[in-house]
Amino acid sequence: MIFEKKIKCINFSLEKLVSNYKNAESLLSVINNNRDFLGKYLEWVDSYTTTEKALMNIKKTRKTDKCSYFIIVDKKIAGKISFVDTDNNMGEISYWLSKEYNGRGIITNALQILIQIGFDKMQLNRIQLTIDIDNTRSCAVAEGCGFKCEGILRKYFLLRGVPRDMKIYSIVK
Ligand SMILES: CC(C)(COP(=O)(O)OP(=O)(O)OC[C@H]1O[C@@H](n2cnc3c(N)ncnc32)[C@H](O)[C@@H]1OP(=O)(O)O)[C@@H](O)C(=O)NCCC(=O)NCCS
């Protein structure tokens, strides 16, 4: 399945960035500036320390058969939203947004777009999110987009070696 390279919205766009060092350095600098904020729930930021790693991530995201996009605000990288672990029935979405752009409804809008793509284009029947029980902000985003909490997956995920309880959210067609 082929996904568009750019989806324009009112105050942001979803884009597959060109894979070059300039974009990789910008991406790494967003991660560096948000290391503590993102790292609270996302362990991958710990090993995300080189331009090469950022370049690889941009290359992977650029593939047109992946529903994975950087969130661009005022021509700057603000975050990322992607389908991960997708089969022909269900898909899981993951997202992050730089702290300075939080609280503007950007992730809420971006998530609504991916839900629409998931149901209409990818023909999914179920879309899910797994969110740390303490990540109230992300839970509010999920609930605002119509996801229902199906329960708590106890000690489901290791965050730096510490088992965390996760809420499982779903939205169905
Ligand atoms: C989770 C994250 C994407 C939310 O981004 P955001 O810009 O705040 O999202 P939005 O502006 O679209 O919506 C935030 C919602 O949370 C609410 N909110 C804001 N602060 C809150 C808080 N401290 N506790 C609970 N809810 C809160 C807002 O009111 C809004 O709800 P509303 O639309 O009902 O008013 C962002 O904080 C982030 O990237 N965090 C770090 C990485 C992460 O946790 N990723 C998700 C992993 S599951």
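What the table shows:
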{"read-out": "From the options K6, K40, residue that is away from the ligand (no atom under 12 Å from the Cβ) and either basic (K, R) or in contact (Cβ under 8 Å) with a residue 24 or more places away in the chain (or both)", "value": "K6"}
{"read-out": "Every residue from the stretch 120-142 that is of a type outside the set (S, T, N, Q) and over 16 Å from the mean Cα position of the chain (by Cα)", "value": "D120, K121, M122, L124, R126, I133, D134"}
{"read-out": "Residue check for G118: in contact with a helix residue (DSSP H, G or I) (Cβ under 8 Å, 6 or more places away or on another chain) and either among the β-branched types (V, I, T) or within 26 Å of E43 (Cβ to Cβ) (or both)", "value": "no"}
{"read-out": "Candidates A54, A24, filtered to the one that is within 21 Å of F83 (Cβ to Cβ) and of a type in the set (G, A, S)", "value": "A54"}
{"read-out": "Cβ-Cβ under 7 Å pairs, at least 6 apart or on other chains, the stretch 24-36 side in contact (Cβ under 8 Å) with a residue 12 or more places away in the chain and at negative phi, far side aromatic (F, W, Y) and within 15 Å of the ligand (Cβ to nearest atom)", "value": "I31/Y48"}
{"read-out": "Number of the exception - L14 against (1) within 27 Å of D134 (Cβ to Cβ); (2) under 13 Å from the mean Cα position of the chain (by Cα); (3) aliphatic (A, V, I, L, M)", "value": "(1)"}
{"read-out": "Any hit, the stretch 52-66, residues being free of Cβ contacts under 8 Å to residues at least 24 places away in the same chain and farther than 22 Å from L114 by Cα", "value": "yes"}
{"read-out": "L55 at pLDDT 95 or above and touching a strand residue (DSSP E or B) at 6+ places or on another chain (Cβ under 6 Å)", "value": "no"}
{"read-out": "Scan of the stretch 133-169 for residues that are farther than 27 Å from S47 by Cα, in contact with a helix residue (DSSP H, G or I) (Cβ under 7 Å, 6 or more places away or on another chain) and not small (G, A, S), ordered by number", "value": "C145, Y169"}
{"read-out": "Condition check for L38: at pLDDT 95 or above, among the hydrophobic types (A, V, I, L, M, F, W, C) and over 24 Å from E4 (Cα atoms)", "value": "yes"}
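The values are calculated or read from the model by the stated rules, or taken from the named source; none is laboratory data. Model, not experiment: these values are computed from the prediction. Quick reminder, even Gly has a Cβ in these numbers, built from the backbone with ideal geometry, and neighbours come from all protein chains shown.
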